[in-house]
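Participant: Please find one structure pasted underneath; my questions will follow.
No value in this document is a laboratory result; all are computed from the given coordinates. All values reported here derive from a predicted model rather than from experimental measurement. Glycine gets a Cβ as well: all are built from the backbone with ideal geometry, and neighbour counts include every protein chain shown.
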């Protein structure tokens with residue numbers, strides 16, 4: 001059992017803030033899914049810098065499946081902090097001819113599946129979890145998807161399968177941001193109550209604040225200690241969580257164009273936050 | 001017509017055919033069991049149709065190599081893709097209509113964009129299902145061959161079905177095979193026939209009319225071939241089990257060696273074998289006339305396969321008459 005020490009949480013919060021800044025630096029070049037990348041930074045920090053175990057070979061023993069391809073910006077921001085990508089290369093995001101796809105194809109570093117067709121990650125992650133367990137592996141499988149994807153039937157087929165198979169090595173991380181392409185999910189097609197739905201499908205489930213490092217770590221720990229069923233972390237977030245000026249200006253920003261945000265203001269705010277965290281806990 | 005050939009009749013040049021036909025009541029039952037016995041990394045997957053795809057022995061005797069995801073074809077294909085990404089070899093089985101129509105996006109995106117072996121076997125393809133329209137996938141070959149780098153195989157009998165699956169488990173990416181179930185005629189001699197990906201097989205050799213067929217269509221074309229031989233009409237028959245990657249050179253060589261080409265397939269006459277042969281010949285130009293036989297732009301009727309075939313002119317007699325009519 002790991003202890004949620006103050007220093008561990010502080011370190012992850014600094015990493016999360018740096019991920020947020022990376023996301024803005026990347027998206028300001030040609031636009032992108034900045035609001036999601038910023039909001040998911042705490043989950044990314046906990047996942048890539050704490051929860052997933054290293055394989056001793058520069059990568060991870062555990063496996064992460066990104067289902068909503070456009071949230072790749074979160075992974076890019078985090079992998080830049082790991083040094084897996086350079087920021088110079090990541091700044092070609094959304095450029096013609098780049099390999100830094102906004103929604104990547106299977107095989108690119110950090111991306112286990114081709115994830116642009118939404119709702120297909122949970123079942124592929126469940127297949128990976130089933131096969132890893134069958135092979136006797138202790139790998140844990142983490143799959144991030146969005147509340148909007150809960151409107152896809154394939155997600156519930158996957159949940160029914162994972163619950164039936166008692167895939168306790170599987171963790172679903174649901175970005176419950178109440179925002180999809182055409183507006184609030186609660187207006188388009190309501191998906192709540194999300195934890196209760198997964199519980200009904202045989203999961204252990206918990207609703208958390210998706211920007212609380214402590215709550216994220218606690219949920220991951222609870223998932224690890226759940227040995228007889230899969231786990232659903234329902235992470236309440238809002239677009240641009242963690243950068244107040246952009247959240248206030250762009251509360252509905254599913255996609256932000258190059259000129260669609262005051263990038264300088266956002267970067268200034270998050271830079272000040274990084275400096276504050278360093279000083280406060282330094 | 002070449003007199004010598006006409007006298008000699010149409011022959012099986014490679015002696016690939018069994019002399020006496022028998023029927024295999026459940027080809028995939030043995031094929032899947034033997035494969036799983038040999039390859040412990042293979043998982044036969046079902047979507048509530050294990051009995052109807054004849055996955056009985058694996059389910060009963062090798063249950064650790066069988067996985068049923070319930071009546072959920074999108075999940076069948078995408079869970080299978082996940083299993084492949086974890087290093088096992090999934091063989092997802094369901095009816096062709098469900099694999100392609102209900103889970104085409106999962107086939108293309110989850111299986112078709114990665115390197116891991118991911119096999120889908122579509123049973124009761126084309127008109128080989130008594131329930132009309134919704135159970136009759138007569139466009140599956142065209143759908144799957146449109147996926148870049150996919151492999152598409154339409155075997156004609158238990159022998160090439162077995163051998164093709166044995167090859168498929170070592171191929172990269174998405175492999176789609178059409179399956180055979182129920183009484184399936186044993187036509188190819190397993191002692192002489194050897195499936196090679198992309199290879200075509202000349203089953204009858206003559207002059208004038210060249211018949212190109214695949215899958216059930218090859219079975220039907222052989223019936224017509226017997227009648228045409230009895231009527232003294234020289235012709236050839238080429239079996240093309242591999243729809244993709246197709247052997248363009250062998251098909252072109254066959255096509256240009258004949259005065260007319262007839263394609264026979266258990267499929268719509270658009271997007272499948274007929275279209276494929278037409279594309280190949282058209283790319284070269286100046287080729288023979290090509291007549292495509294299969295399901296025209298219509299829904300097939302339901303019922304027994306002999307009835308459906310007769311209604312569509314795809315029974316042996318109907319095919320023979322249509323082919324003979326082309327030569328006059």
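Participant: Report for chain A the percent antiparallel among DSSP-assigned beta bridges with both residues inside it, nearest 5.
Facilitator: Antiparallel bridges: around 10 percent, rounded to the nearest 5.
Participant: Relative to the longest principal axis of the C-alpha atoms of chain B, give the angle of the C-alpha long axis of helix B:73-85, reported between 0 and 90° and rounded to the nearest 10°.
Facilitator: 80 degrees
Participant: Another question about this same structure. Among B:252, B:137, B:96, which one moves the most in a GNM of chain B with springs linking Cα atoms closer than 10 Å?
Facilitator: Among B:252, B:137, B:96, the largest mean-square fluctuation in the Gaussian network model of chain B belongs to B:252.
Participant: Let me ask another. How crowded by other chains is B:100-111, given as the mean number of beta carbons from other chains within 10 Å of each beta carbon?
Facilitator: What the average comes to for B:100-111 is 3.
Participant: How much mean residue ellipticity at 222 nm does chain A get from its helices, if each DSSP H run of length 4 or more adds -39500 (n - 2.57) and you divide by all residues, to the nearest 500 deg cm²/dmol? Display every interim value, and only then the final one.
Facilitator: Details: 12 runs with 126 residues, N = 282.
Theoretical 222 nm ellipticity from helices: -13500 deg cm²/dmol.
Participant: If you take the Cα Rg of the stretch B:215-266 and divide it by 2.2 N^0.38 Å, with N the number of residues, what do you get?
Facilitator: Details: Rg = 11.8 Å, N = 52, 2.2 N^0.38 = 9.9 Å.
Expressed relative to 2.2 N^0.38 Å, the Cα Rg reads 1.19.
Participant: How far, in degrees from 0 to 90, does helix A:213-224 lean away from the longest principal axis of the Cα atoms of chain A, to the nearest 10?
Facilitator: 20 degrees
Participant: Same structure again: Looking at chain B, what % of its DSSP beta bridges pair antiparallel, to the nearest 5?
Facilitator: So the antiparallel bridges in chain B amount to around 20 percent.
Participant: Please average, across the residues of A:113-124, the number of beta carbons from any other chain that are within 10 Å of each residue's own beta carbon, and give a whole number.
Facilitator: Mean partner-chain Cβ count within 10 Å for A:113-124: 6.
Participant: Using mean Cβ contacts within 10 Å as the protection proxy, how do A:161-167, A:223-229 order, highest first?
Facilitator: A:161-167, A:223-229
Participant: Follow-up. Using all C-alpha to C-alpha distances in the stretch B:164-308, build P(r) with 10 Å bins and read off the rounded percent in each one.
Facilitator: Taking all Cα pairs of the stretch B:164-308, the binned fractions are 10, 40, 36, 13, 0 percent.
Participant: With just the Cα atoms of chain B, tell me how far they stretch along each of the three principal axes, in Å, largest first.
Facilitator: 60, 40, 35
Participant: Taking each residue of B:62-70 in turn, how many C-beta atoms of other protein chains fall within 10 Å of its C-beta, and what is the average?
Facilitator: For this peptide, the per-residue mean of nearby foreign Cβ atoms is 3.
Participant: Could you work out the equivalent-ellipsoid semi-axes for chain A, taking the square root of 5 times each eigenvalue of the Cα gyration tensor, largest first, in whole Å?
Facilitator: Listed largest to smallest, the semi-axes of chain A are 28, 21, 19 Å.
Participant: Roughly how large, in nm² to one decimal, is the mean projection of the convex hull of the alpha-carbon atoms in the stretch A:167-282? Let's see the in-between values first.
Facilitator: Details: hull surface 36.6 nm².
For the stretch A:167-282, the mean projected area of the Cα convex hull comes to 9.1 nm².
Participant: Using only the alpha-carbon atoms, how far is helix B:216-230 inclined from the longest principal axis of chain B? Give it as 0 to 90 degrees, nearest 10.
Facilitator: Roughly 20 degrees between the two axes.
Participant: What ranking of A:233, A:252 emerges when the number of other C-beta atoms within 10 Å of each C-beta is taken as an exposure proxy, fewest first?
Facilitator: Details: A:233 29, A:252 9.
Result, fewest neighbours first: A:252, A:233.
Participant: Separate question: Using a 10 Å cut-off around each Cβ, can you sort B:95, A:198, B:23, A:49 from fewest to most neighbouring Cβ atoms?
Facilitator: By the 10 Å Cβ count, ascending, the order reads B:23, A:49, A:198, B:95.
Participant: Same structure, new question: Per-residue ellipticity at 222 nm for chain B, helices alone: DSSP H runs ≥ 4 residues times -39500 (n - 2.57), over residue total, nearest 500 deg cm²/dmol?
Facilitator: Details: 11 runs with 108 residues, N = 328.
Mean residue ellipticity at 222 nm (helix-derived): -9500 deg cm²/dmol.
Participant: Just want to confirm a number: the relative contact order over chain B, from Cα pairs under 8 angstrom separated by 6+ residues, in percent.
Facilitator: Dividing the mean separation by the residue count of chain B yields 19 percent.
Participant: Then there is this: Could you work out the Rg to Rh ratio of the protein assembly as shown, with Rh taken as the Kirkwood radius (inverse of the mean 1/r over all Cα pairs)? Can you show the working numbers first?
Facilitator: On the way: Rg = 28.4 Å, Rh = 26.4 Å.
With Rh from the inverse mean 1/r over Cα pairs, Rg/Rh is 1.08.
Participant: Among A:267, B:77, B:284, rank each residue by its count of other Cβ atoms within 10 Å, from fewest to most, as a rough exposure measure.
Facilitator: With the fewest neighbours first, A:267, B:77, B:284 line up as B:284, A:267, B:77.
Participant: Hey, can you rank B:180-191, B:230-241 by average C-beta count inside 10 Å, highest first?
Facilitator: Working: B:180-191: 18.5, B:230-241: 21.9.
Highest to lowest by the protection proxy: B:230-241, B:180-191.
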